[in-house]
Amino acid sequence: MHRILRLHSIYTPRLSTVLHGRRNRLASLFNSRFFNTESEYHYKADETLENMQDILDFYFEENPDFGSADITYASGVLTIQLPQGTWVLNKQTPNRQIWWSSPLTGPRRYEFAEKRNKWVWSRFIDKQDPKQDGNKFSNTVYLGETLKQEMFELFLEKKGLNGLDDL
Amino acid sequence: ENLSQNFIKSSFEHPTTANPSYTPRHQFSMLSNAVQRLSRSVSRSSRVITSRASPASLVQKRGYHDSIVEHYENPRNVGSLNKDDSNVGTGLVGAPACGDVMKLQIKVDDNGQIIESKFKTFGCGSAIASSSVATEWVKGKTVDEVLAIKNSDIAGHLKLPPVKLHCSMLAEDAIRAAVSDLKSKQQKKKAA
């Protein structure tokens, strides 16, 4: 017989658990960072990930010498397969986040900052976790910016990725 | 065929084995379901599984690395420590809606060295393996040394696939949360 695990004292180092009562209070503090409805989140996240897919498709078409790139977006998951590794960006609906996984920068969570109309690395939102890695990607704040830096790191080409500056 | 029946049953229990790409586990929205799964994952680790297909039989189809399977089938340090003990730090991270909850506890001696560590995890095989590895690695280290354990170390050791890197990050967070809890307890003790 197992005792019920009491989860009322959940500690999350990142502000990743969205509780409805807190959200309304916090919304005013963080410039309405959270979406008002789930459908708004889906709309924005889908739009962001589809844009990324289009931008990358174009980028690799323009530069066939970079190698074969398999970019698919299905069921809320954007998968980028390059010879250098696999990126997985997926929607995390309970948190209203986009979860990112990259062979260069590892796992990250991005939350939407309405004030800047961009997805921000949750580490920069949650003041409880300001640790610095000291690596070259530790200051990439925005979702598009991170991908752009990584692509530049791998292929030394930024042309065609300007659309990522808006994401 | 018995194997395929077990596969279907286990794919319900372990959604990740059914679909190699991301499966939204946020469909588990009821906390009671989460708690039941937590107790099942704990009981699973202490009993020999006879009635459901283990991930080992699916490894050629799914691609779990041997190290993850090993930690899943023989997890180390499952259990609980007394959280009211002043020498015990408890880190509880994650959320059932996201699919993973980890509770990691550490017990220190008077020198600040970690002598015992236990974990309980609700989540996928990779989450269980990550937290199992975390409890192994913290033993014998001091409280400050374990803060140097990075998610990339855990992910590299287990050969986690891209979609499961988040499990290793959560394990790192669990270690930090346990250390933070221990330190705040010790502060309170000093102040009293």
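The values are calculated or read from the model by the stated rules, or taken from the named source; none is laboratory data. Bear in mind the structure is a predicted one, so any value in this text is a computation, not a measurement. FYI the Cβ positions are ideal-geometry reconstructions off the backbone, even for glycines, and counts take in every protein chain you see.
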- Note on the structure: When every residue in the range B:88-120 that is of a type in the set (G, A, S) and buried (at least 24 other Cβ atoms within 10 Å of the Cβ) is compared, the one farthest from the other protein chains (Cβ to nearest Cβ) is B:S117
- Task: Being buried (at least 18 other Cβ atoms within 10 Å of the Cβ) and hydroxyl-bearing (S, T, Y) is the filter here, so list the residues in the range A:45-72 that pass it.
- Result: A:T48, A:Y59
- Message: Name the single residue that is nearest to B:L160 (Cα to Cα) among those in the range A:92-104 being crowded, with 23+ Cβ neighbours inside 10 Å and more than 7 Å from chain B (Cβ to nearest Cβ).
- Response: A:W100
- Does A:R123 qualify as being crowded, with 16+ Cβ neighbours inside 10 Å, modelled with pLDDT of 90 or more, under 12 Å from the mean Cα position of the chain (by Cα) and among the basic types (K, R)? no
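Of all residues in the range B:113-125, which are of a type outside the set (D, E) and free of Cβ contacts under 8 Å to residues at least 60 places away in the same chain?
Of all residues in the range B:113-125, those of a type outside the set (D, E) come to B:113-115, B:117-125.
Matches in the range B:113-125: B:Q113, B:I114, B:I115, B:S117, B:K118, B:F119.
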- Among residues belonging to the range B:136-164 that are in contact with a Ser or Thr (Cβ under 7 Å, 6 or more places away or on another chain), closer than 24 Å to A:W100 by Cβ and charged (D, E, K, R), point out the one that is nearest to the other protein chains (Cβ to nearest Cβ). B:K164
- Note on the structure: Flagged in the range A:73-83 as of a type outside the set (A, V, I, L, M, F, W, C), surrounded by fewer than 16 Cβ atoms within 10 Å (Cβ to Cβ) and either part of a strand (DSSP E or B) or in contact with a Leu (Cβ under 7 Å, 6 or more places away or on another chain) (or both), in numbering order, are A:Q81
- Message: What's the number of the only condition in (1) at pLDDT 95 or above; (2) among the charged types (D, E, K, R); (3) over 12 Å from the mean Cα position of the chain (by Cα) that B:D110 fails to meet?
- Response: (1)
